[in-house]
Amino acid sequence: MKESLKTTAIIGFISKGFIYLIIGLLTLLAALNMGGQSSGTNTALKFLKKQPFGQVLLFALGTGLLCYSYWMFVRSIKNPENISNDIKGKMSRIGIFITGLVYTFLALLPFYHLFTYSPEGSSGSRYVDLLGPSLISILFICIGVVLVMQAIILIVGVIKGGLLDQFNLEGRKGSSLIRLVGKFGFFSRAFIVGIIAYFFLRAGLYSGSHEIKGIQDAFSFLDQSLLGTVLMIFSSVGFISYGLFFIFLSKYRTFED
């Protein structure tokens with residue numbers, strides 16, 4: 001595998017880890033009443049924009065996430081790591097391709113925040129209002145079902161080990177600790193994805209409120225629950241672990257030829 005491709009992948013790992021790390025840290029500070037706020041991707045990007053050299057940070061993050069999505073597309077289409085060609089392998093490559101599409105969209109968000117002004121409290125739900133209520137309900141139910149499947153896949157993948165095995169960490173120094181951090185991070189992400197799925201299913205099946213829900217809404221939901229502070233701390237630390245796991249990959253990830 002070309003060194004340039006490996007470098008692109010490593011930059012992508014760092015960028016993906018960094019954005020989840022910021023989300024987790026801001027939410028942890030909010031849970032501990034230390035000045036943060038329950039955070040999603042947009043909130044994290046707004047936070048970065050306000051920092052010294054914020055525009056440089058946003059440009060670097062957007063570029064890094066594009067590197068990650070490019071690596072996903074290469075893994076899916078060119079298969080440089082020789083993923084098996086059986087049904088399981090093909091499904092895995094389809095999932096990797098979809099991940100590439102998702103992170104291509106996420107990569108555009110830093111550039112959006114870099115070049116536009118977005119007032120506080122603005123919502124993307126107004127775009128959904130352009131669709132009819134029946135179509136919105138069907139769309140939200142479909143998204144909810146997909147998210148439920150994603151959460152289940154994450155949990156099963158971690159329990160069976162296959163999800164972490166794909167990163168080729170075995171035999172590397174510190175791999176046991178990295179896998180432990182990764183497991184906790186993936187479980188926490190599955191937990192949050194499950195809550196977001198609940199939002200979409202509830203909106204599609206029962207309520208007349210068709211608002212787009214995301215990570216920030218999930219953390220806010222936890223905060224309002226009976227064990228809100230405990231759950232927010234657990235989930236935010238999980239997101240920090242998830243971010244650290246991908247940052248660790250920049251040093252420990254091996255690439256099979």
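Just so it is clear, none of the values below were taken in a lab; they were calculated from the coordinates. These numbers were taken from a predicted model, which means no experiment stands behind them. Neighbour counts run over all protein chains shown; Cβ positions are idealised from the backbone, glycine included.
Within straight-line reach of Lys46, meaning a Cα separation under 27 Å, sit the following lysines at least 8 residues removed in sequence or on another chain: Lys16, Lys213. A full extension of the chain between Ser176 and Ser84 corresponds to an added length of 30.6 nm, given 0.36 nm per residue minus the alpha carbon distance.
In segment 41-113, what chymotrypsin sites (Phe, Trp or Tyr not before Pro) fall in a loop by DSSP, with at most 14 other Cβ atoms inside 10 Å?
Answer by residue number: Phe53.
Less than 5 angstrom separates the built amide H of Gly40 from those of Gln216, all sequence-distant by 5 or more or on a different chain. The trypsin sites (Lys or Arg not before Pro) found in segment 137-200 that occupy coil by DSSP, while having at most 12 further C-beta atoms within 10 Å, are Lys173.
The label point for Ile152 and the one for Phe53, both projected 7 Å from the Cα toward the Cβ, are 4.6 nm apart. Model label sites at Leu139 and Thr254, defined 7 Å from Cα along the beta-carbon direction, differ in position by 4.6 nm. Computed from the C-beta positions of Ile94 and Arg202, the FRET efficiency with R₀ = 25 Å rounds to 0.30.
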